[in-house]
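J.: I am attaching a structure below and will ask some questions about it afterwards.
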Amino acid sequence: MYKKVRPPEEGEKIRYENEKLVVPKNPIIPYFEGDGIGKDVVPAAIEVLNAAAEKIGKEIVWFKVYAGEDAYKIYGTYLPEDTLNAIRDFRVAFKGPLTTPVSGGYRSLNVTIRQVLDLYANVRPVYYIKGVPSPIKHPEKVNFVIFRENTEDVYAGIEFPWNSDEARKVREFFKKFGINIREDAGLGVKVISEFATKRLVRSALKYAVENKRKSVTLVHKGNIMKFTEGAFRDWGYEVALKEFRDHCVTEDELLSYGKQIEGKIVVKDRIADNMFQQIITRTEEYDVIVTPNLNGDYLSDAAAALVGGLGIAPGSNIGDGIGVFEPIHGSAPKYAGQNKVNPTAQILTGALMFEFLGWKDAAETVKRAVEMTISSGIVTYDLHRLTGGKLVGTREFAKAVVENLQSL
Ligand code: NAP
């Protein structure tokens, strides 16, 4: 099955039975460092995750695979089948960032991984860690979990350069509807389906119920894009009211009732541009957020900025019985290999992976150890330029986290 890598002989496979993950004490987890600062942050995070797993009597058996520049050197391709097969086979993977060329070049490897493996929900928790500098007065009010659709929207990859034969044919086709598109226009297609919307909203509502969250907000631009983003909103409410009726109440229902109903999740919607100010001005009113792909991409970075920026923010890509864990940030090539950047996002991505495995104690320990480290003033350059403190490199920061973790 594998051409140029070999799975470790020790460790066991994570299985998926009756819609649940079955996780052994010593799961095999494929990982790749990826490009740029991935080489700095992934090994640093692995040190911390190994220490946390050991603390609860478990062991991760890492399976090194390749993507990005490393893969190109070995396979002559940026995303080898070996890597996709390993993720499919072992179900949970840990990844560093991958560079994507702008304009031309190859298609985003990150988007390809999400689409090929049908990792339809990009789940990004955004919460405050004590001691991290923030541009807002009350960052402790930030506690969002963003569910971003991962397979559709303008990210579906249906795009044609302005001067291509395809673009010319599409322009001709539109003329039949009386629509004239400029001859010098590049074209992209926005795709939002009932199927993909509903399964995303379903997973967000399920998460909200299981984790006793207060609200679920559908974020869309349906006032302008009525049949894509507007439909996203309508299908979202349909799932809430048909499949989660016992657990939720809509904001409109609540307004007519006049007060909060104990134990019910409030389902509401906001137009995307408004939402960017809402998360700043009415932070505590937002909890679980569900949104199409492009809105979610923008909103995640903006939300991350409220609690310390990209060096802090973890992320994950989840499908049915499969998860690929990666920080929100990219490969920041200008800092690559300098032992400089903040590994916190990659470390907390590991904590998120532990939650997915059902290792909640290990996840908590990692979060607490990171908080202890930052609160004690040990910081990398990104936080140092805002707060001062003791400036350390990527490896030294991770070492301090491991020491704190072992003291817990
Ligand atoms: P980026 O790599 O996320 O970096 C943007 C800026 O964010 C950095 O210059 C730095 O800010 C800050 N930053 C990011 N990671 C940090 C960390 N660990 N510690 C401290 N600060 C950090 O975004 P980009 O420069 O737009 O993209 C670079 C490449 O990554 C592109 O090819 C892009 O396509 C790709 N990308 C990949 C993924 C992914 O793999 N999932 C996600 C996003 C982007 P300062 O310079 O202000 O310190």
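The values are calculated or read from the model by the stated rules, or taken from the named source; none is laboratory data. Small disclaimer: the values here were computed from a predicted structure and weren't measured. Cβ sites come from the backbone with ideal geometry, for glycine too, and all protein chains shown count toward neighbours. Ligands, DNA and RNA are stripped out before the accessible areas are found, and what is left, the full protein with its side chains, is counted by its heavy atoms. Shrake-Rupley method; radii C 1.70, N 1.55, O 1.52, S 1.80 Å.
J.: Select, from 375, 316, the only residue that is within 13 Å of the ligand (Cβ to nearest atom) and touching a residue at least 12 places away in the same chain (Cβ under 8 Å).
T.: On the way: 375 fails: within 13 Å of the ligand (Cβ to nearest atom).
Just one listed residue meets the conditions, 316.
J.: Quick one: how many residues across region 334-365 are open to solvent by less than 10 Å² (accessible area, probe 1.4 Å) and of a type in the set (Phe, Trp, Tyr)?
T.: Summing the residues that are open to solvent by less than 10 Å² (accessible area, probe 1.4 Å) and of a type in the set (Phe, Trp, Tyr) in region 334-365 gives 1.
J.: Mind checking which pairs have a first residue in region 326-344 that is polar (S, T, N, Q) and part of a helix (DSSP H, G or I) and a second that is modelled with pLDDT under 95 and more than 7 Å from the ligand (Cβ to nearest atom), Cβ under 6 Å, 6 or more apart or different chains?
T.: Final answer for the pair search is 344/312.
J.: With the condition kept exactly as written, say whether any residue in region 268-291 is within 27 Å of residue 96 (Cα to Cα), touching a Ser or Thr at 6+ places or on another chain (Cβ under 8 Å) and among the polar types (S, T, N, Q).
T.: no
J.: When region 382-395 is examined, which residues are found to be in contact (Cβ under 8 Å) with a residue 24 or more places away in the chain and either surrounded by fewer than 17 Cβ atoms within 10 Å (Cβ to Cβ) or not assigned by TED's automatic domain parsing to the domain that holds residue 36 (or both)?
T.: Hits for region 382-395 are 386, 387, 395.
J.: Among (1) in a helix (DSSP H, G or I); (2) more than 16 Å from the ligand (Cβ to nearest atom), there is one condition residue 118 misses while meeting the rest; what is its number?
T.: (1)
J.: Pull out all pairs, ordered by first then second residue, where Cβ-Cβ is under 6 Å, the residues are six or more apart or on different chains, the first lies in region 28-41 and is closer than 16 Å to residue 60 by Cα and in the same structural domain as residue 74 (by TED's automatic domain parsing), and the second is near the ligand (Cβ under 8 Å from one of its atoms) and part of a strand (DSSP E or B).
T.: Every condition considered, the pairs that remain are 32/95.
J.: Criterion first (in a helix (DSSP H, G or I) and within 16 Å of the ligand (Cβ to nearest atom)) does residue 67 satisfy it?
T.: Against the criterion (in a helix (DSSP H, G or I) and within 16 Å of the ligand (Cβ to nearest atom)), residue 67 does not qualify.
J.: Can I ask one more? Does region 45-64 contain any residue that is within 12 Å of the ligand (Cβ to nearest atom), within 22 Å of residue 398 (Cβ to Cβ) and assigned to a helix (DSSP H, G or I)?
T.: Within region 45-64, one or more residues are within 12 Å of the ligand (Cβ to nearest atom), within 22 Å of residue 398 (Cβ to Cβ) and assigned to a helix (DSSP H, G or I).
J.: Next question, about the same structure. Kindly list the number of the only condition in (1) at pLDDT 95 or above; (2) surrounded by fewer than 23 Cβ atoms within 10 Å (Cβ to Cβ); (3) within 16 Å of the ligand (Cβ to nearest atom); (4) in a helix (DSSP H, G or I) that fails for residue 368.
T.: Failed condition: (3).
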